[in-house]
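Student: Below is the structure I would like to discuss, written out as C-alpha cells.
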Amino acid sequence: MRFAIVSDIHANWQAWCAVREDLRTYQVDTVVCLGDVVGYGPNPQGVLNDVRQCCDYILKGNHEAAAVGQLDLDIFNPVARRAAEWTATQLDDEAKTVLRELPLDLEAEDLLFAHADPVEPEEWGYIEKPTDAQKCFIATDKRLTFIGHTHVPEIFSLLPDSQIIQHPPSELTLQPGARYLVNVGSVGEPRDGSVEASYCLFDTDTQVIIFRKVAFDLAALRRDLRQHPQLEMPWFLKEHLPGTLPEKGGHALRVSQVSATRIHVRASERVRIQVGRNQKLTTTPVMASMAVPAQVNRETKSIPAASSQQRRVLWLAGSFFVLMLAVLTAAVLVYIKISTPDSRPQSTPAPVPGAAVAVLAQPRVISLLAKDAQLHGTALKRETNNGEVNIGHWESSFDYVSWSFNVEQAGCYEVRMVYAVPATASGRNIDLSCGKARLFHPRLESTGAWTLYQTLSLGHLQLQSGFQQLNIKPANRGKQGLMNLRSITLQRVAD
Ligand code: ZN
C-alpha cells in the first residue's frame, strides 16, 4: 500500500494545489493529513473543503483545536493568536463541527500518525532533538511514526544498538531492526529555509520513504495575504540571506514546556482508530498485504528499549501475583467448604480462578445481513445465490451500503465479513466506518469465484453504545467490481 502523508497546510491554497498536482504523478492508495489544515494562511475554508475531498484521513492539529475553541489561545504567540481568531470567523458551522470531531492520532499496523508529540498528542509537544524522539521510541512500540508540527522535515532513527540519529530528509529504505520517527515537514508554511512545500510518500511493499519538495505560486499567496491585515507575512515569504533559517521558538505555542501547561483538549476528544492489530496473519492470509513483514515485527520487538522491557516484566509479575492470589483464594474457599460440616446447598459452582479475565460473561454478536442493508449510490443490487442474499455491482466510490443498529454494550468488537470475489476482480480495499471508529482499508483477496464465499476477520472496532450506523464503501476509485457482500458480524471481545 502506498501512503502520502501531508501536514501543516495552513490555509495556503497555492501550496496545497501544487502538492495535490504532484500527488497525481504517484499511484497513492491512501492520503493522510496530519493536521493544521488551517491557521496563518488566507484561505482556511477553501483549503479545508478541498483537503476533505482529497484526504482519506485528517487528524487534528493545534490550529484546528484553536479555531473551534478547544485550546486556550493564551498559549499561542501573538501572530498565531491573531490568525487563529481570524480563522474562526472564516469557517462555517459545518467546518467547525468537522474540525471539532477530528481524531488526534491514527494507527495502522506498525504505523502511527499524529500531528505533534505522538506520546500525548493533545499536549502538542514539539519533537526537535534526539532526546525528544527517545521518549517517543520508549512510549510506543511502533516501527514507523509520522508527525508534523515543527514544519521541518527530518528523520529520527533508532538503531538496533539503541543509538538515535537525527538526519535531514532524504530517500530512506527502512532497515530491519531499526525504528523511525519521520517529520514530513509543512505543505503551507516551510520553516526549513526553503520556499517549497514538503510532504512524504511511503510504500509498505518496498519499505521506502520519499520526501517531496514542491514549488508553488509565491506571488499569488502574497497577494492573498495582503487582503487580510490580521494575517502576518510568514518568514519564508520575507527577504533573507541564502541559507538562513527562522529563529528557534517561532512556534505557534509560546511555552517551552507545552506539556507542563496542562492545557489540552478534552480527553473525550482523543480518538484512537484501531487498525486490525489483532489480525491473525497465519489464518487470514487476506490481510497479509496490510502487514509489515513478520521478520521485521520480530526484530522491532527485540530492540533494547529498556523501559518497555521493564514494563513487560512488571506486567508479567503483576499478572502472576494476581493469578496466585486468585488460586489461593479459591483454595481457601474450597477448604472452608470441605471443612464446614453443615455446608449450605451446593447451588453455586466453584469459582474458576482467572476465568473472568479471558472470557466475557455474555458475548454479544450483532449480525448485519445483506437483505437488511441500505443501498446508496446508483449501481448496487441485491442478488440471490443458493438462497442467500448478497450485494453486488459496486461500480464507483459513491456506491456504499449501511446498516443502522443499536449497540447495547459499548466495547471492542471483532468485525467479520462474508464475501466473494474472483481473482480477476480481487485486490481492492474497502473502507469500513462506524461512528468515529474506522478500519484501515482491509484488502479483498480472491475467494476463487463470485459464488465462493469466505469469512474474513477485518479487525476490531471500539463501539459506543446506542444507535450506530456502519458504512462500507470501496476505499479507492478505479476498477469495477469490488465483491459480493453477504453479511457482517460484530462480536464483542474482551477489551
Ligand atoms: Zn503547524
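The values are calculated or read from the model by the stated rules, or taken from the named source; none is laboratory data. Here the structure is a predicted model, which means the values were calculated and not measured. A quick note on method: Cβ atoms are made from the backbone with ideal geometry, for glycine too, and the neighbour counts reach across all protein chains shown.
Listed here are the residues, each with its yes/no results for (1) within 18 Å of Cys200 (Cβ to Cβ); (2) among the hydrophobic types (A, V, I, L, M, F, W, C).
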{"site": "Met1", "(1), (2)": "yes, yes"}
{"site": "Ala4", "(1), (2)": "yes, yes"}
{"site": "Ser7", "(1), (2)": "yes, no"}
{"site": "Val47", "(1), (2)": "no, yes"}
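Student: Taking Glu94, is it surrounded by fewer than 17 Cβ atoms within 10 Å (Cβ to Cβ) and of a type in the set (D, E, K, R)?
Tutor: So Glu94 passes the test.
Student: Related question: Can you spot a residue in the stretch 429-452 that is closer than 22 Å to Phe3 by Cα, among the small types (Gly, Ala, Ser) and surrounded by fewer than 20 Cβ atoms within 10 Å (Cβ to Cβ)? Break it down stepwise before answering.
Tutor: Our first condition is that a residue be closer than 22 Å to Phe3 by Cα; within the stretch 429-452, this holds for 429-433, 436-445.
Remaining after also requiring among the small types (Gly, Ala, Ser): 433, 437.
Still in the list and also surrounded by fewer than 20 Cβ atoms within 10 Å (Cβ to Cβ): 433.
Yes: one or more hits.
Student: Same structure again: Report the residue count in the stretch 1-18 for those that are modelled with pLDDT of 95 or more and more than 15 Å from the ligand (Cβ to nearest atom).
Tutor: Restricting attention to the stretch 1-18, the residues satisfying the condition of being modelled with pLDDT of 95 or more are 4-18.
Filter once more, keeping what is more than 15 Å from the ligand (Cβ to nearest atom): 4, 13-14, 17-18.
Result for the stretch 1-18: 5.
Student: Can I ask one more? Give the residues of the stretch 61-84 that are in contact with a helix residue (DSSP H, G or I) (Cβ under 6 Å, 6 or more places away or on another chain) and modelled with pLDDT of 90 or more, sorted by residue number.
Tutor: The answer is Glu64, Ala66, Ala67, Val68, Arg81, Ala84.
Student: I'd like to check which helices (runs of 4 or more DSSP H) are fully inside the stretch 78-186 and have at least 2 residues that are within 16 Å of the ligand (Cβ to nearest atom). Even if it seems obvious, please write down each step before you answer.
Tutor: Numbers: elements: 78-90, 93-101, 130-139.
Fully inside the stretch 78-186 and qualifying: 78-90.
Student: Which members of the stretch 40-60 meet the condition of being in a loop (DSSP other than H, G, I, E, B) and either modelled with pLDDT of 95 or more or more than 19 Å from the chain's Cα centre (by Cα) (or both)? Can you show your working first?
Tutor: Within the stretch 40-60, the first condition is being in a loop (DSSP other than H, G, I, E, B), and the residues that meet it are 40-43, 55-56, 59-60.
Within the stretch 40-60, Tyr40, Gly41, Pro42, Asn43 meet the criteria.
Student: May I pose another question? So which residues in the stretch 71-115 are within 20 Å of Leu461 (Cβ to Cβ), touching a Leu at 6+ places or on another chain (Cβ under 7 Å) and not aliphatic (A, V, I, L, M), if there are any at all?
Tutor: Scanning the stretch 71-115 gives Pro103, Asp105, Asp110, Phe113.
Student: How many of the residues making up the stretch 191-201 are within 15 Å of the ligand (Cβ to nearest atom) and surrounded by fewer than 24 Cβ atoms within 10 Å (Cβ to Cβ)? Step through it out loud before you land on a result.
Tutor: Applying the first criterion (within 15 Å of the ligand (Cβ to nearest atom)) to the stretch 191-201 yields 191-192, 197-199.
The next check asks that each one be surrounded by fewer than 24 Cβ atoms within 10 Å (Cβ to Cβ); those that pass are 191-192.
Residues that pass the stated criteria total 2.
Student: Restricting to the stretch 190-203, count the residues that are out of contact with any Ser or Thr (no Cβ under 8 Å at 6 or more places or on another chain) and closer than 14 Å to Val32 by Cα.
Tutor: Pass one, the stretch 190-203, residues out of contact with any Ser or Thr (no Cβ under 8 Å at 6 or more places or on another chain): 194-196, 200-203.
The next check asks that each one be closer than 14 Å to Val32 by Cα; those that pass are 200-203.
Of the residues in the stretch 190-203, 4 are out of contact with any Ser or Thr (no Cβ under 8 Å at 6 or more places or on another chain) and closer than 14 Å to Val32 by Cα.
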